[in-house]
Amino acid sequence: MNDDLKEQLKAHAGLAALYEQAVAEIGQAATSAELEEARVRHLGRKSGLSQLLRSIPELPAEERPVVGKYGNRARTALEQALAARKHELEAGELTRRLAAEQADITLPGEPFPRGHLHLITQTQWEIEDFFAGLGYRIAEGPEVETSYYNFTALNTPEGHPARSLHDTFFIQDKPDVLLRTHTSPVQIRVMEKEDPPVYVIIPGRVYRRDSDATHTPMFHQVEGLAVDEHITMADLKGTLEAFAKHMFGAGREIRLRPHYFPFTEPSVEVDVSCMICGGAGCRSCKHSGWLEILGAGMVDPNVFGFVDYEPDEVTGFAFGMGVERIAMLKHGITDLRMFYDNDMRFINQF
């Protein structure tokens, strides 16, 4: 107890008694809970000290300055005593808890399960590695595009179904801004900045208004572009045949079927011989012996006009494939939605 304060408090017997009792209980508190009870009892709003200080205006005139002066000093001293005792108790409790919970650091830790790349990422990286080995480099671009890069510069005319709200996600109140429907816009961005020759592949996420067993609103695509002197359809076929053999096995063959894309002319759909039946015909290939894997074609000269390339000097081919589609064919997956369900039974297989 503060001896000087104790001596001063003798000027008011009631105040001295309150102070001495509070100091005694604070010192006797053995736990943090008991100390909190002592605080409420002696410094709370309903404590004797608080009530005495609030009653100063009602006290006799000779008591008011004594209670006012020494009462506040007593409160401050008790708060300091509480803080000191709290520090002592917490230190002791921590020491006891550490002793009781002491860990044996020599024991081996519990192994943390190691994850692995998702099948979509594995497939995309395998595609990238193959084309990197042929001398292609990877290019990237924005997922939020303008209609100029996504449609106009790719020779897609006004009124084409792909430009409709039914097929494309447009940004609200911005009719010329959209989520790209393919990675082809990056072709335009690359050719705007670079002179031929150009050999790039463009992996990335794309968005379309589809949702069923074979389509999702967001999926992954790898686009390829080669622009140089004397490039022909034979170069395209040779490149894609080598790719098919790399991804699906050395015994695979491909075929090219005429098709239409606004940004290539001529355009083709590319099929690979069924890896399940070897081309003989089965349920997976609908007894045709072939499975569709991607679309491709020679770059339309009109597209070169948007990037100031001379169609008389250079030619090029482009192709685009869905990463999920390649993974489904390679691993026999029947439902595209399984890639996004996060079912660990499926993920752990790959």
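Structure above, values below:
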quantity	calculated
Order of 294, 336 - criterion: other Cβ atoms within 10 Å of each residue's Cβ, fewest first	336, 294
Efficiency of FRET between residue 107 and residue 40 - r from beta-carbon atoms, R0 35 angstrom, step 0.05	0.20
In the stretch 210-294, GluC sites (Glu not before Pro) in a DSSP loop with at most 12 other beta-carbon atoms within 10 Å	229
Taking all pairs of distinct alpha-carbon atoms in the chain, Kirkwood radius in angstrom	27.1
Neighbour-count ranking [beta-carbon atoms within 10 angstrom, fewest first] of 117, 35	117, 35
Vicinal HN-Hα couplings computed from phi for the stretch 109-125 (Karplus, 6.51 cos²θ - 1.76 cosθ + 1.60; Hz; Gly/Pro x)	x, 6, x, 8, x, 8, x, 8, 5, 5, 4, 5, 5, 4, 5, 4, 5
The chain: most fluctuating residue of 50, 288, 164 per GNM, C-alpha cutoff 10 Å	50
Residue 164 paired with residue 229, simple spin-label distance in nm, labels 7 Å along Cα-to-beta-carbon	4.6
Farthest toward positive dipole pole in the chain [+1 Lys/Arg, -1 Asp/Glu at C-beta], among 120, 232, 89	89
Separation of the residue 72 and residue 137 label points, Cα + 7 Å toward Cβ, nm	7.6
Length released on extending from residue 192 to residue 334, taking residue separation times 0.36 nm less the Cα-Cα span	47.1 nm
Alpha carbon centroid spacing (whole Å) that separates the stretch 151-198 from the stretch 282-299	26
Check: the stretch 119-347 dipole with +1 on Lys, Arg Cβ and -1 on Asp, Glu Cβ, in debye	1060
Footprinting exposure proxy for 125, 290 (fewest neighbouring C-beta atoms within 10 Å first)	125, 290
Selected from 305, 273, 183, residue furthest toward positive end of dipole (the stretch 119-347; charges at beta carbon)	273
Net lengthening on full extension, residue 20/residue 349 (0.36 nm per residue, minus Cα-Cα)	111.0 nm
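We did not get these values from a lab; they are worked out from the coordinates using the rules stated. It should be emphasised that the depicted structure is a prediction, and the values quoted were computed from it without experimental measurement. Neighbour counts are summed over all protein chains in view; Cβ atoms, including those assigned to glycine, are modelled from backbone coordinates with ideal geometry.
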